[in-house]
Every structure is written in structure tokens, then in C-alpha cells.
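Every number here is computed from the coordinates shown, using simple stated rules; none is lab data. Everything numeric here is computed off the predicted structure, so don't read it as measured data. We place every Cβ from the backbone using ideal geometry, glycine too, and count neighbours over all the protein chains shown.
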């Protein structure tokens, strides 16, 4: 079977190409693609612990089986400064993961229509303490491709559940200082009550269902903040 293989970042230099066509026997796996190129380019073996492979635009486990016409991407470690991830829904909903400050006014204007009589905005901001400990700053990281899809799914469900016209969700990644917004939910609707209810539901579900993690830095140490998955998440035990 014929597989299309893409190389990104420094892996293009290591392998001397941006893409390649590879013939593999039926029953081959993602691991077989990596092993094929590692045999020709030993540097790949040295980098194995930091390389991720994707199959047809989804992260893939090494043992995942391939099919005719699949596209496999070899991905080096990501670096800072990556572009924002954005999903724009045909209904006007908007979802984004960004590394820059959240532009509240722009988001409100983006979802507001003539039929709307209310726009409710919720911002989650970094406070200077947690349970009596002085907080210096927060760091956020996430599984980006999955997180943006989860956000969009939650937003669409909420828009169908409440009498609202449009909803937007934006979450920041990276380091945030005291007073900065890390997340914002925006809801526009003809009447205020559904907008308030939808915004509350949005932040509650985002915090339980979207794979975003927070590390808190204190004057006397640091810790990953433990949360709790939603009951519907497929936990291992």
C-alpha cells in the first residue's frame, strides 16, 4: 500500500525532504513508518522520545494500523509562538486557543447581532492567592487539537440547549500574571437570562471536559492543580 509521509520542522533537515511516498505491506503500522526512516537516518532514533506521529491529522499511537492512501506526519517537539487555533462555526459561534491577551471587545462585537438584547461575558482571571498561599503566576498547557474540538462541541451543545444566538470561548496558554484573563466565555442572546445561564454552563463544562492543565507558582513552591474529569470522560479506572 502507498502511504504519503510528511516531515516538519527540523525533521525536514534530518531526512532531507518535506514529504515522501512510501510503499509498505498490508498490515503495517505507524511504527513501521518511523522505523523505515530511522534505519536511513540514525538521528531519528536519537530523537525518538520527542517525536510524535500523526495519521490523517490525528495523533497516532505507534501500533495503529495504516490503510492505503493514509497520510502520516512526523512531528518534532513544538516550540513557542505557534499560531492560534481557531474554529469558526457556520452559525457564527467562535472558539479559540491563543497565546496572546484575550481581546474582549473584539469577541463581543464578533458575536453580537441586531436581534440580540444582551451580551454576557465571563472572564476567569489569575488571583494572587490560593487557600492562603501567595500566588505569583500561572502556566497553562493543553492537548491543543483535542482541546479546541472539545470547546467547539461544548459550545454548540450549549447553543442548542439555551435560547441564545451565538457563543464564543477563548482560552489562553502559557504564562499568565496576576490580574490577567486566562479564559473567557461570551454569549449573545435576545434576552439576558439565557445568556447568563449559558455562560455559567460554558465555563463549568470547559473546566471539567477540556484537556487544559494549570500549574500554579507560589512564593514557596509550585504545583500542578488537580481537577476532576466530567463523569462522561472515559477514565482508565
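Here the label points at residue 222 and residue 125, each 7 Å from Cα along the C-beta direction, are separated by 2.5 nm in the simple model.
When you restrict to C-alpha pairs under 8 Å that are six or more residues apart and normalise by the size of the chain, the relative contact order lands at 18 percent. The Cα center of the stretch 185-217 and the Cα center of the stretch 155-178 differ in position by 5 Å. Roughly how far apart, in whole Å, are the Cα centres of the stretch 1-36 and the stretch 43-69? Taking the Cα centre of the stretch 43-69 as reference, the centre of the stretch 1-36 is 9 Å away.
Once you have a ≥ b ≥ c as the square roots of the Cα gyration tensor eigenvalues for the stretch 52-136, tell me rounded if a/c is under 1.5, and otherwise prolate or oblate according to whether a/b is larger than b/c.
oblate
Note on the chain: antiparallel DSSP beta bridges, both residues inside, total approximately 85 percent of the bridges counted. Sequence-distant contacts, meaning Cα pairs under 8 Å at least 6 residues apart, place the relative contact order of the stretch 85-224 at 35 percent. Taking the DSSP beta bridges with both ends in the stretch 2-75, the antiparallel portion is around 75 percent.
Put simply, the chain fits an ellipsoid with semi-axes of 39, 23, 16 Å; these come from the alpha carbon gyration tensor as the roots of five times its eigenvalues, largest first. FRET efficiency for the residue 67 to residue 17 pair, using the beta carbon distance and R₀ = 30 Å, is estimated at 0.85.
Counting only alpha carbon atoms, the long axis of helix 192-209 and the longest principal axis of the chain meet at about 30°. Among 93, 191, the ranking by other beta carbons within 10 Å of each residue's beta carbon, starting with the fewest, stands as 191, 93. Tilt of helix 30-40 relative to the longest C-alpha principal axis of the chain, in degrees (0 to 90, nearest 10)? It is inclined by approximately 50 degrees. Largest GNM mean-square fluctuation across 197, 23, 32, computed for the chain with C-alpha springs under 10 Å, falls on 23.
In percent, what relative contact order does the stretch 2-75 have, based on Cα pairs under 8 Å that are 6 or more apart in sequence? Display every interim value, and only then the final one.
On the way: 116 pairs, mean separation 33.1, N = 74.
Computed over the stretch 2-75, the figure is 45 percent.
Given a Förster radius of 25 Å and the C-beta distance between residue 115 and residue 207 as r, what FRET efficiency does 1/(1 + (r/R0)^6) yield to the nearest 0.05? Intermediate results must be reported in sequence, preceding the final value.
On the way: r = 30 Å, r/R0 = 1.19.
Efficiency computed from Cβ-Cβ geometry: 0.25.
Ordering 218, 186 by the number of other Cβ atoms within 10 Å of each residue's own Cβ, fewest first, gives 218, 186. Relative to the longest principal axis of the Cα atoms of the chain, the long axis of helix 144-161 lies at roughly 40 degrees.
Using only DSSP helix segments of four residues or longer, with each worth -39500 (n - 2.57), what per-residue ellipticity at 222 nm results for the chain after dividing by its residue count and rounding to 500?
Numbers: 6 runs with 66 residues, N = 237.
Value at 222 nm, helices only: -8500 deg cm²/dmol.
Springs between alpha-carbon pairs under 10 angstrom, Gaussian network model over the chain: which of 35, 89, 139 fluctuates most? Highest fluctuation among the options: 35. With the highest mean first, a sort of the peptides 148-159, 42-53 on other beta-carbon atoms found within 10 angstrom per residue produces 148-159, 42-53. For the chain, modelled as a GNM whose springs connect Cα atoms under 10 angstrom apart, the maximal fluctuation among 94, 196, 41 occurs at 41.
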